[in-house]
Ligand code: HEM
């Protein structure tokens, strides 16, 4: 009987502590994380180009696009600067050029 009571108390205490735990927040990468990944992929793209590895080049371009899309979605502005709009006007035409270059060479 004493054992059951002890087990019940232990269970009640563990439930109380579990309820007191703060809700887990979803991890959201900052703009710097996307930028660092972009830089790494950009370097890999350069090596892919140097080695004429078009499959890898196409893959890295795709990854750069995906990362930047997510960066825009999560960080449309940074310190009041419209970074999403800047990426669209500055980077998108260049990325399209890169994609076309890979298609031409394939
Ligand atoms: C219009 C285009 C771009 C905009 C508006 C932009 C904006 C920014 C901003 C606001 C930061 C500071 C982020 C922070 O401190 O958390 C940053 C950092 C950085 N950006 Fe960009 N960026 C652009 C293009 C690029 C490209 C094309 C690359 C690489 C190929 C790049 C590489 C980096 C790197 C490596 C950092 C430093 C990240 C760190 O160490 O935390 N950026 N950029």
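None of the figures in this text is laboratory data; all of them are computed from the coordinates on show. Quantities reported herein were computed from a predicted structural model and do not represent experimental measurements. Please note: Cβ atoms are built from the backbone with ideal geometry, for glycine as well, and neighbour counts cover all protein chains shown.
Observations on the model:
- Approximate spin-label separation residue 42-residue 54, in nm, with each point projected 7 Å along Cα-to-Cβ: 2.5
- Helix 92-105 axis, angle to the chain major axis (alpha carbon atoms, nearest 10°): 60
- Region 26-100: relative contact order as a whole-number percent, Cα under 8 Å and 6+ apart: 27
- Computed E for residue 70/residue 21 - FRET, C-beta separation, R0 25 angstrom, nearest 0.05: 0.30
- Mean projected area (nm²) of the alpha-carbon convex hull when region 31-105 is viewed from all directions: 4.6
- Degrees, to the nearest 10: 31-50 long Cα axis against longest axis of the chain: 40
- Helix-only arithmetic for the chain: the sum of -39500 (n - 2.57) across DSSP H runs with n ≥ 4, divided by the residue total, places the mean residue ellipticity at 222 nm at -24500 deg cm²/dmol.
- Stretchable slack from residue 92 to residue 35, in nm (0.36 nm times residue separation minus alpha-carbon distance): 19.0 nm
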